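Take a look at the structure below.
The values are calculated or read from the model by the stated rules, or taken from the named source; none is laboratory data. All of these numbers come straight from a predicted model, not from anything done at the bench. Note that we place each Cβ from the backbone using ideal geometry, even for glycine, and neighbour counts take in every protein chain shown.
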Amino acid sequence: MIEIKNLSFGYSRKSLLFRNLNLTLQEGHIYGLLGKNGAGKSTLLKNMVGLVSPLEGSCQVNGLDSRKRLPAMLGDLYFIPEEIYMPSLTARQFVASTAPFYPFFDEEAFYRYLSEFEVPVHAVFSKMSFGQQKKAIIAFGLATNTSVLIMDEPTNGLDIPSKVQFRRIIASALTETRCIIISTHQVRDLDSLIDTLVVVVHDREIVLNESLDAIGERLTFTTIPESEAHSALYTEDALRGKQAILPNLMGNYSKVDMELLFNAITSGNTSVTEILQRPHYEQSL
């Protein structure tokens, strides 16, 4: 679906943002591209869609070089950037002018998504609030039915009820032939949505690309008393003791706390990343 090989990128060779980056993203998954502000998430997405070109290496989307931005690739890929600029058009006018570029566009689904997001069909996009504009373009992106849908910080500008709607609608739009990539630094916005794979960008590297099930097999997420904090890989203060990440020695699955995991990794906690990066067979040794 998306394959990045030995990608090095920087706005000059003296200051590389990524060096020899390798990443494969498959269909049938919702990927969370997580990282702090300035970690390079947006730049990585722009490399994927061909808006910038790597200094070395390659990025292919469905077997096509993203740098060439061929119609065959662009018609099966939809990218929603963090900053959007909506035209002075209604939904129907926007469909008439833009939908023909996407051969699998589903107009009925588009209006259904607008209704679920509570976006008025007859309103002019440019006169809407930023949150309404964001929901409108997300609805359009979903309705394109492209095999690759990439969204950069899509929940920025959405209120809490709209974020709940977003999670529900995105989950319902995933199919076995679709790859959805959501970039964010607001980890909790993707809680209960990303149940497949997590990608974390930190210090110019992909430090984690793993399914939540596999993470739950290797780590335990729980609350422990202060007196047991020394046994944890990582802790944060909680109302009753410590939120903790422990090695999963008993083989009991616990729900992955994505925010706690994200904080552990981006704090430079090597104990957590070392366990997650071991080959699977080593976990029982």
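Return the total of residues in region 143-163 being within 16 Å of the chain's Cα centre (by Cα) and free of Cβ contacts under 8 Å to residues at least 60 places away in the same chain. The total comes to 2. Identify the residue in region 128-147 that is β-branched (Val, Ile, Thr) and over 19 Å from Thr177 (Cβ atoms) and, among all such residues, is surrounded by the fewest Cβ atoms within 10 Å (Cβ to Cβ). The selected residue is Ile137.
Of the residues making up region 52-61, at least one is modelled with pLDDT of 90 or more and closer than 30 Å to Phe125 by Cβ.
When region 101-128 is filtered for residues that are free of Cβ contacts under 8 Å to residues at least 12 places away in the same chain and hydroxyl-bearing (Ser, Thr, Tyr), only Ser115 remains.
I'd like to know if region 26-48 contains one or more residues that are part of a loop (DSSP other than H, G, I, E, B), within 22 Å of Tyr102 (Cα to Cα) and in contact with an Asp or Glu (Cβ under 6 Å, 6 or more places away or on another chain). Checking region 26-48: at least one residue is part of a loop (DSSP other than H, G, I, E, B), within 22 Å of Tyr102 (Cα to Cα) and in contact with an Asp or Glu (Cβ under 6 Å, 6 or more places away or on another chain). The set of residues in region 176-208 being under 27 Å from Leu74 (Cα atoms), among the β-branched types (Val, Ile, Thr) and either at pLDDT 90 or above or in a strand (DSSP E or B) (or both) consists of Thr177, Ile180, Ile181, Ile182, Thr184, Val198, Val199, Val200, Val201, Ile206. You will find that of Ser271, Ser254, Ser192, the residue that is on the phi > 0 side of the Ramachandran plot and touching a residue at least 24 places away in the same chain (Cβ under 8 Å) is Ser192 and no other. Please tell me if Ser254 is of a type in the set (Ser, Thr, Tyr), surrounded by fewer than 17 Cβ atoms within 10 Å (Cβ to Cβ) and under 19 Å from Leu25 (Cα atoms). Considered against the rule, which asks whether it is of a type in the set (Ser, Thr, Tyr), surrounded by fewer than 17 Cβ atoms within 10 Å (Cβ to Cβ) and under 19 Å from Leu25 (Cα atoms), Ser254 comes out as no. When restricted to residues that are out of contact with any Lys or Arg (no Cβ under 9 Å at 6 or more places or on another chain) and surrounded by 14 or more Cβ atoms within 10 Å (Cβ to Cβ), region 223-248 contains 8.
Of the residues in region 21-52, how many are over 22 Å from Leu193 (Cβ atoms) and either in contact (Cβ under 8 Å) with a residue 40 or more places away in the chain or aromatic (Phe, Trp, Tyr) (or both)? The qualifying residues number 5.
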